[in-house]
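Visitor: Got a structure for you, written out below as structure tokens; questions coming shortly.
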Amino acid sequence: MEWNEQQRSGGKKTAGKLGLVLEGGGLRGVYTAGVLDVLMKREIWADYVIGVSAGACSGASYVSRQPGRGYRVYADYIRDPRYLSLKNYWKTGSFFGMDFIFGEIPDHLDPFDYKTYGCNPCEFVVGLTDVDTGLPAYFGKEDPSDACTLLRASSSMPVFSPPVEYRGGCYLDGGTSDPIPVEKALADGCDRLIVVLTRDRSYWKKSDGIPGAYRLLLRKYPAVAKALDRRAGVYNRQRGKLWQMEREQKIPLVIIAPDSPITLGRFEKDPEKLLELYHMGRRDAENKGEELMALLG
């Protein structure tokens, strides 16, 4: 794909560096896919995108400029046992079929546009969690062919999936250590932000479980167990910081979040529920139209 001058500037003109921050959330990521399809329809192109887990997966299809793909990779295959099943866990240690999701689908069934992804001047950052330290690690588009390996690592939930090796390290779900990576976006120079959340504004995260259970299940990765122990606190502080930023508007900011609690299960397999959530994301993004246009100046 050849990039003209307007495309190189990100589509609609903006002052400064526009960042797009995408929370994870497993199958709740279909909400984010709906939001991003509206941004693409309106030709709102960020200069910088950062996401973790499902947020990174939807963000990749935004950077590759493939409207609808973020939804299809959920809805078209969710009932395929290769996507999600106990059989996968018995065979690979992951309920999700990682080879299917990050291999068969992007390479054959619903091809990911690696060329456009790599040529797009938009920065794309994927957040991971280093299993040795329990701390965040971030990787960009240094090698576009690595895109699905990064997405796989960021989507590998502790306990439910094995770690992924990448460039000499070993990584798991990026949302474990930095669930809403706004600070990273600011540190990377963004001076205006669109933040997409997959929990409603009233949500307050409780502890993920019994610390002793995590320490037992993750005895090979004690730093990850500690990260899970502190994740609820990190998440709630990040959301509190977002509400403060929104009130103060020292940095222009638009937050798009569900207007009601999402009851979708972690392993939901009903395409109708996924479609409903996708349309919720589209509707919420459309309702933010005036704020988005003001943000773009």
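Visitor: Write out, first by first residue and then by second, each pair whose Cβ atoms fall under 6 Å of each other, whose residues are 6+ apart or on separate chains, and whose first residue, in the stretch 132-161, is within 22 Å of Ala185 (Cα to Cα) and in a loop (DSSP other than H, G, I, E, B) while the second is open to solvent by 30 Å² or more (accessible area, probe 1.4 Å) and of a type outside the set (A, V, I, L, M).
Guide: Between residues of the stretch 132-161 that are within 22 Å of Ala185 (Cα to Cα) and in a loop (DSSP other than H, G, I, E, B) and residues that are open to solvent by 30 Å² or more (accessible area, probe 1.4 Å) and of a type outside the set (A, V, I, L, M), the close pairs are Gly134/Lys226.
Visitor: Looking at Arg215, Arg219 in this structure, which one is among the basic types (Lys, Arg), touching a helix residue (DSSP H, G or I) at 6+ places or on another chain (Cβ under 7 Å) and open to solvent by 40 Å² or more (accessible area, probe 1.4 Å)?
Guide: The conditions single out Arg215.
Visitor: Exactly one condition in (1) assigned to a loop (DSSP other than H, G, I, E, B); (2) surrounded by fewer than 16 Cβ atoms within 10 Å (Cβ to Cβ); (3) among the aliphatic types (A, V, I, L, M) is false for Ile180; which is it?
Guide: Ile180 satisfies every listed condition except (2).
Visitor: If we scan the stretch 181-193, do we find a residue that is basic (Lys, Arg) and either under 30 Å from Gln249 (Cα atoms) or touching a Ser or Thr at 6+ places or on another chain (Cβ under 7 Å) (or both)?
Guide: Residues of the stretch 181-193 basic (Lys, Arg): 184, 192.
From what is left, the residues that are either under 30 Å from Gln249 (Cα atoms) or touching a Ser or Thr at 6+ places or on another chain (Cβ under 7 Å) (or both) are 184, 192.
Within the stretch 181-193, one or more residues are basic (Lys, Arg) and either under 30 Å from Gln249 (Cα atoms) or touching a Ser or Thr at 6+ places or on another chain (Cβ under 7 Å) (or both).
Visitor: Still on this model: With the requirement that a residue be within 15 Å of Ser64 (Cα to Cα) and open to solvent by 60 Å² or more (accessible area, probe 1.4 Å), what does the stretch 122-140 give you?
Guide: Going through the stretch 122-140, the residues within 15 Å of Ser64 (Cα to Cα) turn out to be 122-126, 140.
The answer is Glu123, and nothing else.
Visitor: Applying the selection to the stretch 78-104, what residues are surrounded by 15 or more Cβ atoms within 10 Å (Cβ to Cβ), aromatic (Phe, Trp, Tyr) and not in a strand (DSSP E or B)?
Guide: Within the stretch 78-104, Tyr83, Tyr89, Phe95, Phe100, Phe102 qualify.
Visitor: Among the residues of the stretch 196-218, is there at least one that is at pLDDT 95 or above and touching an Asp or Glu at 6+ places or on another chain (Cβ under 6 Å)?
Guide: Taking every residue of the stretch 196-218 in turn, at least one turns out to be at pLDDT 95 or above and touching an Asp or Glu at 6+ places or on another chain (Cβ under 6 Å).
Visitor: So how many residues does the stretch 238-263 have that are under 18 Å from Leu27 (Cβ atoms) and open to solvent by 30 Å² or more (accessible area, probe 1.4 Å)?
Guide: Total satisfying the criteria: 3.
Visitor: What about Thr116, is it surrounded by fewer than 17 Cβ atoms within 10 Å (Cβ to Cβ), touching a residue at least 60 places away in the same chain (Cβ under 8 Å) and touching a Ser or Thr at 6+ places or on another chain (Cβ under 6 Å)? Give the steps one after another, and end with the answer.
Guide: Numbers: surrounded by fewer than 17 Cβ atoms within 10 Å (Cβ to Cβ): yes; touching a residue at least 60 places away in the same chain (Cβ under 8 Å): yes; touching a Ser or Thr at 6+ places or on another chain (Cβ under 6 Å): yes.
For Thr116, the condition - surrounded by fewer than 17 Cβ atoms within 10 Å (Cβ to Cβ), touching a residue at least 60 places away in the same chain (Cβ under 8 Å) and touching a Ser or Thr at 6+ places or on another chain (Cβ under 6 Å) - is met.
Visitor: Within the stretch 141-159, count every residue that is within 20 Å of Asp107 (Cα to Cα), within 14 Å of the chain's Cα centre (by Cα) and open to solvent by less than 40 Å² (accessible area, probe 1.4 Å).
Guide: Matching residues across the stretch 141-159 total 8.
Visitor: Okay, moving on. Exactly one of these conditions fails for His108: (1) open to solvent by less than 20 Å² (accessible area, probe 1.4 Å); (2) over 30 Å from Leu217 (Cα atoms); (3) assigned to a helix (DSSP H, G or I). Give me its number.
Guide: Every listed condition holds for His108 apart from (1).
Visitor: Okay, moving on. Could you grab the pairs with beta carbons closer than 6 Å, sequence gap of 6+ or different chains, first residue in the stretch 49-74 and in contact (Cβ under 8 Å) with a residue 12 or more places away in the chain and under 12 Å from Gly34 (Cβ atoms), second one among the aromatic types (Phe, Trp, Tyr) and open to solvent by 10 Å² or more (accessible area, probe 1.4 Å)?
Guide: Tyr71/Tyr278
Visitor: Residue by residue through the stretch 38-71, note down the ones that are part of a helix (DSSP H, G or I), open to solvent by 10 Å² or more (accessible area, probe 1.4 Å) and more than 23 Å from Phe139 (Cα to Cα).
Guide: Listed by number, the residues that qualify are Met40, Lys41, Tyr71.
The values are calculated or read from the model by the stated rules, or taken from the named source; none is laboratory data. Just so it is clear, the model here is predicted, and its values are computed rather than measured. FYI the Cβ positions are ideal-geometry reconstructions off the backbone, even for glycines, and counts take in every protein chain you see. With ligands, DNA and RNA removed, areas are computed over all heavy atoms of the protein, side chains included. Shrake-Rupley method; radii C 1.70, N 1.55, O 1.52, S 1.80 Å.
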